[in-house]
Amino acid sequence: MPTLDPARPAAALEAGGDTARLLIAGRPPAKLAEPDEVHFERIVRLAWPGQVGPVTADPPRLPFVEAMFDRVLLTSQLPRARARTDLRGLWRIMAPAALALLAIKARRWWQPVGWTQADLAQALDDAMFVTHDWRVATLPKRWHLVLVGKADGLRPAAVHAATATAPVAA
């Protein structure tokens, strides 16, 4: 089961060889390092409405075909009124056995903005995600860093470099 490295959480997205397709949606918090680009065949950067970027889209209407991305790094405030719709839009573009690292604004019970862990866990479950690992990090504000996969019955596969063997002489 994949896990988050507290020093470099986005490294969890690098497993799987160099043929994976990565979507970076939103602007990651300042202290959250992006995955190393050499681990991906293609990287697409997406900005949310109100942000500047090469591609801008609203989460429920992501401009990509189904199952296009193997890895996703998503940063969002995740408005409660649209949480299920936005998360299902993300689920739609993720390939079977894909992984996503979600950076979602955290809150304590007295704060008006953000998500508590229990509420976010319920929203992820409702949107058919399986949680692999969960951390709350200060980046510099509090963020939930949640490593999730699709609840489609498939598990993320850790792919390692193949070892060449010499043919056996007859």
Going from the alpha-carbon gyration tensor of the stretch 1-84, what semi-axes, largest first and in whole Å, does one get by taking the root of 5 times each eigenvalue? 22, 16, 13
What 222 nm value per residue comes from the helices of the chain, counting each DSSP H run with n ≥ 4 as -39,500 (n - 2.57) and dividing by all residues, nearest 500 deg cm²/dmol? -3500 deg cm²/dmol
On the principal axes of its Cα set, how long, how wide and how thick is the chain? Give whole Å, largest value first. 74, 31, 31
The chain: relative contact order from alpha carbon pairs under 8 Å, six or more residues apart, as a whole percent, is 22
Can you give me the % of accessible surface on the stretch 1-124 that is carbon or sulfur? Probe 1.4 Å, all protein chains present, nothing else counted. 55
List the residues whose amide H sits under 5 Å from the amide H of Ala151, counting only those 5 or more places along or on another chain, with H placed 1.01 Å from N in the peptide plane. Phe129, Val130
Applying a 10 Å radius around every beta-carbon, put 120-131, 90-101 in order of their mean neighbour count, most first. 90-101, 120-131
Would you mind working out the accessible area per residue for the chain, using a 1.4 Å probe, and quoting it in Å²? 55
In whole Hz, what ³J(HN,Hα) sequence does the stretch 92-97 give by Karplus (6.51, -1.76, 1.60; θ = phi - 60°), x for Gly and Pro? 4, 8, 7, 5, x, 6
Please give the net charge around Gly50, taking every other residue with its beta carbon less than 12 angstrom from that of Gly50, where Lys and Arg add +1 and Asp and Glu add -1. 0
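The values are calculated or read from the model by the stated rules, or taken from the named source; none is laboratory data. In this text, all values refer to a predicted model and were calculated from it rather than measured experimentally. Virtual Cβ from ideal backbone geometry, glycine too; neighbours counted across all protein chains shown. Surface accessibility is based on the protein's heavy atoms, side chains included, excluding ligands, DNA and RNA. Shrake-Rupley method; radii C 1.70, N 1.55, O 1.52, S 1.80 Å.
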